[in-house]
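Values quoted throughout were computed directly from the atomic coordinates according to the rules given, and no laboratory measurement underlies them. Predicted model, so just to flag it, every value in this text is computed and none were measured. Note: ideal-geometry Cβ built from the backbone for every residue, glycine included; neighbour counts use all protein chains shown.
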Amino acid sequence: MAQAHHMRIGEVAERTGLSLRTIRYYGEVDLVVPSARSRGGYRLYTETDVDRLQLIKRMKPLGFSLDETRELLAAVDGLSADDTDEDERAALAERLDSFEAAIADRCVTLRRQLEMAEEFAERLRRRRAGRAASA
């Protein structure tokens, strides 16, 4: 079996666009625990850890709480585990379905907010253009 490539936290930060502080915080709250530690005590992460951080990063702007994020990650982990029984797998899949619906709702809300912001910006541009024309 091939050995996983381990990355130090700086490389992970660069790849994910997250700060070192944020990555450490996610470790402190058990969202992403480093896969290993170097002999010198440095946190070491794998590609799976990076994927997990990217998922968390995508949930944040949608307004998911840490508990909701933890719940989604637990469902994802359970579905990918070999020892998850069929009933539990069905319940986890149902939970993911509810997250998908929540994400879709939040996207609709964000689109509306973006439309309002763009409309507001356009009104300001027109107002400024109207003042410039009368000057």
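Remark: relative contact order (the stretch 1-61) = 37 percent; criterion is Cα-Cα distance under 8 angstrom and separation of 6 or more residues. Here the scattering of the chain is modelled by Debye summation over its C-alpha atoms, one equal scatterer each and no solvent; at q = 0.19 Å⁻¹ the log10 of I(q)/I(0) is -1.13. Across the stretch 114-130, rounded Karplus estimates of 3J(HN,Hα) from the backbone phi angles (6.51 cos²θ - 1.76 cosθ + 1.60, θ = phi - 60°) give 5, 4, 5, 5, 5, 5, 4, 4, 5, 4, 5, 4, 5, 4, 5, 5, x Hz, Gly and Pro being marked x. Restriction of the trypsin sites (Lys or Arg not before Pro) in the stretch 38-135 to DSSP coil positions whose beta-carbon has at most 11 other beta-carbons within 10 angstrom yields ARG39.
Nearest 10 degrees is fine. How inclined is helix 47-59 to the longest principal axis of the chain, computing both from alpha carbons? The angle comes out at about 30 degrees.
For a modelled paramagnetic label at GLN113, 7 Å from Cα along Cα-to-Cβ, the residues of the stretch 47-79 in reach, with backbone nitrogen under 12 Å, are 60-64.
Given an 8 Å cut-off on Cα distances and at least 6 residues of separation, report the relative contact order of the chain as a percent. Each step should come with its number before you reach the end.
On the way: 82 pairs, mean separation 22.6, N = 135.
17 percent.
Students often get this wrong: which residues of the stretch 54-94 have the backbone nitrogen under 19 Å from the point 7 angstrom along Cα-to-C-beta of THR22? Only 54-73 pass the distance filter. Calculated mean residue ellipticity, 222 nm, the chain: -23500 deg cm²/dmol, from DSSP H runs (n ≥ 4) at -39500 (n - 2.57) each, averaged per residue and rounded to 500.
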